[in-house]
1. Restrict the check to the stretch B:248-258 and report whether at least one residue is without any contact (Cβ under 8 Å) to a residue 40 or more places away in the chain and assigned to a helix (DSSP H, G or I).
2. Answer yes or no as to whether residue B:275 is surrounded by 16 or more Cβ atoms within 10 Å (Cβ to Cβ) and farther than 22 Å from residue B:217 by Cα.
3. Within the stretch B:166-190, which residues are crowded, with 16+ Cβ neighbours inside 10 Å and under 17 Å from the mean Cα position of the chain (by Cα)?
4. Taking the criterion of being out of contact with any helix residue (DSSP H, G or I) (no Cβ under 6 Å at 6 or more places or on another chain), closer than 25 Å to residue A:7 by Cβ, at pLDDT 90 or above and surrounded by 15 or more Cβ atoms within 10 Å (Cβ to Cβ), would at least one residue in the stretch A:228-235 satisfy it?
5. Looking at the structure I just gave you, is residue A:152 under 27 Å from residue B:193 (Cβ atoms), touching a residue at least 12 places away in the same chain (Cβ under 8 Å) and buried (at least 19 other Cβ atoms within 10 Å of the Cβ)?
6. Run down B:83, B:50 and say which single residue is out of contact with any strand residue (DSSP E or B) (no Cβ under 6 Å at 6 or more places or on another chain) and in a loop (DSSP other than H, G, I, E, B).
7. From the list A:199, A:213, A:190, pick out the single residue that is part of a loop (DSSP other than H, G, I, E, B) and either crowded, with 17+ Cβ neighbours inside 10 Å or touching a helix residue (DSSP H, G or I) at 6+ places or on another chain (Cβ under 9 Å) (or both).
8. Report, by residue number, each residue of the stretch B:164-199 that is within 7 Å of chain A (Cβ to nearest Cβ) and over 14 Å from residue A:112 (Cβ atoms).
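The values are calculated or read from the model by the stated rules, or taken from the named source; none is laboratory data. None of these values were measured; they are calculated from a predicted model. Positions of Cβ are generated from backbone atoms using ideal geometry, with glycine treated the same way; all protein chains shown enter the neighbour counts.
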C-alpha cells in the first residue's frame, strides 16, 4: 500500500521552477529521507504536500485519495502531520497548551464556544510530552525552554495527532550533538503505523534513519534508492557531495 | 473577585449618584457592550474592524423600523432585529474575510459606509438626516424603564450578561483556537483547524453582540440617526478597545468609560473636546501602548516589586 503517491508535481515562483517535475512513491510505514542542496525544492515540496502552497500541476495522493485540491486542514484530518524548519510554536503558551491545541485540532470539541478546554486534553498532552522526555518542562512557556526542547515539542505536537504520514522538515537542524541524538532516538521510536518523510540538508546526520533516500536537485528527483545505492551513484556525488 | 467587587459597585451606583451620572453610566454600559464585541475581532481574532457601527446601527434601525412601520412590539422587534443583523453579519463576513489586516479593515469600512450612505439617502424609509423619532423604551414584565434608575439596572443586567457570554466565548475551547489563529494562522491550519471558519464564526458572533448594543442604544436614546452607522462611531469603538487594552476582558469596559467620560465632561467645559480626546489617546499610546488595563497592571507590578 502506498502512503504517498506524487505524480508530475510542478510549482514555479514567478517563472522560476521550484519543483520542476517530481514523481514520488512512498510505501506505508516507510522511512523516507529527502536530501538535496539548498534551493533544491525540499521545503516547497512539503508545502505542496500539506497545501500550504497551491500546486501548478500534478497530483498528490494520500493512501490512494487525491488530496491536491483539499485545504491544509482537510489533509490534516486525513492523517497528514508536519513539523516546520523554523519553529512556529506558540511562544507565550506552555508546552502542554501547545500540545493540547494539537490534540484539539482533530477533536469536535474545538467548536465548543461555551465550555473551557477540557482537562483531558491537558492530561493527554502531558502524557505525550512524557513520551518525548519533556514532562519536567510541560508547564513552562515555550519561550523559556531550550532550542532542542522546542524541536522535540514540535515533533510531540505532530505525534500527538497520531498521523498516518508525518513530514519532518529538518528536525535535526541547529541542534547540538547531544540534542541531535535525543531527537534521533525520538524519531527512531515512532511506530511503523506512521509513515515518515524527512527532509535533511546535512546528508550524513540522517542517512542511517531512512529505508530509502530521494535526492532532489533543482526541483527534480535525480537519484532514488537505498542508502548504498544513493551513496554509490555518481550523480549524488556530483550534485550533493560536490566531488 | 475583582469582577464581583466591580459588579457590586456598579449595582450600588444609583444609590449615590444623581440622574446625570446614572444616565452616563447607562451609556457607558451600552458602549462597553459595543466595544467588547469589537474586541472579539480585534483583540482575540487579530482582525481590525473599522465598520462595526454597521451592526449597532442596523440593529437599532431594524428594531425602530419594525415598530414604526409595521407596528411590532418590542417582544417581536428585538429578536427580529438581532436576527436580521446577525444574518447581515453572516453575509458581510463572507465578503470582509476575503482579506485580513489592512484589507479586512478597508472592506469592513466600505461595507459600513454603504449602510451609512443608504440610511442618509433612503429618506422615505429612514427619514434621512432627521433620524427616526417617536420610539418608546420596552417595559419588560410591566416595568417602566423611562426613568434613569430602572433603565440603568436594565442596561446593567443586559450588559453583564453580554460581557459574561463574550468572556465565556474567548475562554472556551473555541476561544483558544481563535487566539491560535490570531498568532499563527498557518500553524493552526497545519494542526487541522479551518482558520477561515474560526474567523467567520467570530465575525458573526461579534455582529450579534453589536446588534444587542444597538438595541440598548436605541432604547436609551429613543431615537436613531445615520451618525450611529458612521465611520466616527466605528472608530470610537475601536479606539475604546485600543485605549483600554485589546485582548483583555476589562479593556473595552475601561476604554468605553474613558471615551464617554471625556466626551461628556470635557464637552461641558471646552468646545474642542475632540482635541482633548485626541491628546488622551496619544498619551495612552505613548505611555501604555498595550492599553490602560495591561499598562496599569504592569505599573502596579513594578510598584509592588519595589515596595
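1. yes
2. It is false that residue B:275 is surrounded by 16 or more Cβ atoms within 10 Å (Cβ to Cβ) and farther than 22 Å from residue B:217 by Cα.
3. B:166, B:169, B:170
4. No, the stretch A:228-235 has no match at all.
5. It is true that residue A:152 is under 27 Å from residue B:193 (Cβ atoms), touching a residue at least 12 places away in the same chain (Cβ under 8 Å) and buried (at least 19 other Cβ atoms within 10 Å of the Cβ).
6. B:50 is the lone residue from the list that is out of contact with any strand residue (DSSP E or B) (no Cβ under 6 Å at 6 or more places or on another chain) and in a loop (DSSP other than H, G, I, E, B).
7. Numbers: A:199 fails: part of a loop (DSSP other than H, G, I, E, B); A:213 fails: part of a loop (DSSP other than H, G, I, E, B).
Selected residue: A:190, the only one of A:199, A:213, A:190 that is part of a loop (DSSP other than H, G, I, E, B) and either crowded, with 17+ Cβ neighbours inside 10 Å or touching a helix residue (DSSP H, G or I) at 6+ places or on another chain (Cβ under 9 Å) (or both).
8. Result: B:180, B:183, B:184, B:186, B:187, B:189, B:190, B:191, B:192, B:194.
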